[in-house]
1. Just need a number here: residues in region 58-78 that are more than 21 Å from PRO111 (Cα to Cα), without any contact (Cβ under 8 Å) to a residue 24 or more places away in the chain and exposed (fewer than 15 other Cβ atoms within 10 Å of the Cβ).
2. In region 79-90, which residues are surrounded by 18 or more Cβ atoms within 10 Å (Cβ to Cβ) and within 14 Å of the chain's Cα centre (by Cα)?
3. Inspect all residues belonging to region 7-30 and state whether any of them is of a type in the set (A, V, I, L, M, F, W, C), open to solvent by less than 50 Å² (accessible area, probe 1.4 Å) and at pLDDT below 95.
4. Restricting attention to region 40-52, report how many residues are within 17 Å of SER21 (Cα to Cα) and either under 11 Å from the mean Cα position of the chain (by Cα) or crowded, with 20+ Cβ neighbours inside 10 Å (or both).
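The values are calculated or read from the model by the stated rules, or taken from the named source; none is laboratory data. Just so we're clear, the structure is a prediction, and the values are computed from it rather than from any experiment. All Cβ positions, glycine included, derive from the backbone under ideal geometry; neighbour counts span all protein chains shown. These accessible areas exclude ligands, DNA and RNA; they are computed on the full protein's heavy atoms, side chains included. Shrake-Rupley method; radii C 1.70, N 1.55, O 1.52, S 1.80 Å.
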Amino acid sequence: QVQLVESGGGLVQAGDSLRLSCVVSGRVFSNDAMGWFRQAPGNEREFVASITGNGYRTYYTDSVKGRFTISRHNAKNTHYLQMNSLKPEDTAVYYCAASPRWRATMTNEYPYWGQGTQVTVSS
């Protein structure tokens, strides 16, 4: 059974940083695309960032470019989302996801999901 477990969310002030982690078990992870999505109340789940199976390419939604960094550590079956210069509009539940594709940026390309971790940024 594939499991993804996020950690690292919390309540911070605008301008602060957080690092989210996602540990994957039950699946060979090293060739999977890994992604982060978020969902704010009343909104649809949206793409935030993804990294290809080999880690060579990363993709970001425009609103987080230059502030967020996605990375992976295949030996630890873990990937990360470093979030700097956080803004109140970054407040959402953040989900990590895994895809058997080498590259994936769409919600429907990810069959495996974590339970989500809350990130709240106060102004």
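1. 4
2. Looking only at region 79-90, we keep the residues that are surrounded by 18 or more Cβ atoms within 10 Å (Cβ to Cβ), and these are 79-81, 83, 86, 90.
HIS79, TYR80, LEU81, MET83, ASP90 - these are the residues of region 79-90 that are surrounded by 18 or more Cβ atoms within 10 Å (Cβ to Cβ) and within 14 Å of the chain's Cα centre (by Cα).
3. yes
4. Residues of region 40-52 within 17 Å of SER21 (Cα to Cα): 47-52.
Those left that are additionally either under 11 Å from the mean Cα position of the chain (by Cα) or crowded, with 20+ Cβ neighbours inside 10 Å (or both): 47-51.
Counting residues in region 40-52 that are within 17 Å of SER21 (Cα to Cα) and either under 11 Å from the mean Cα position of the chain (by Cα) or crowded, with 20+ Cβ neighbours inside 10 Å (or both) gives 5.
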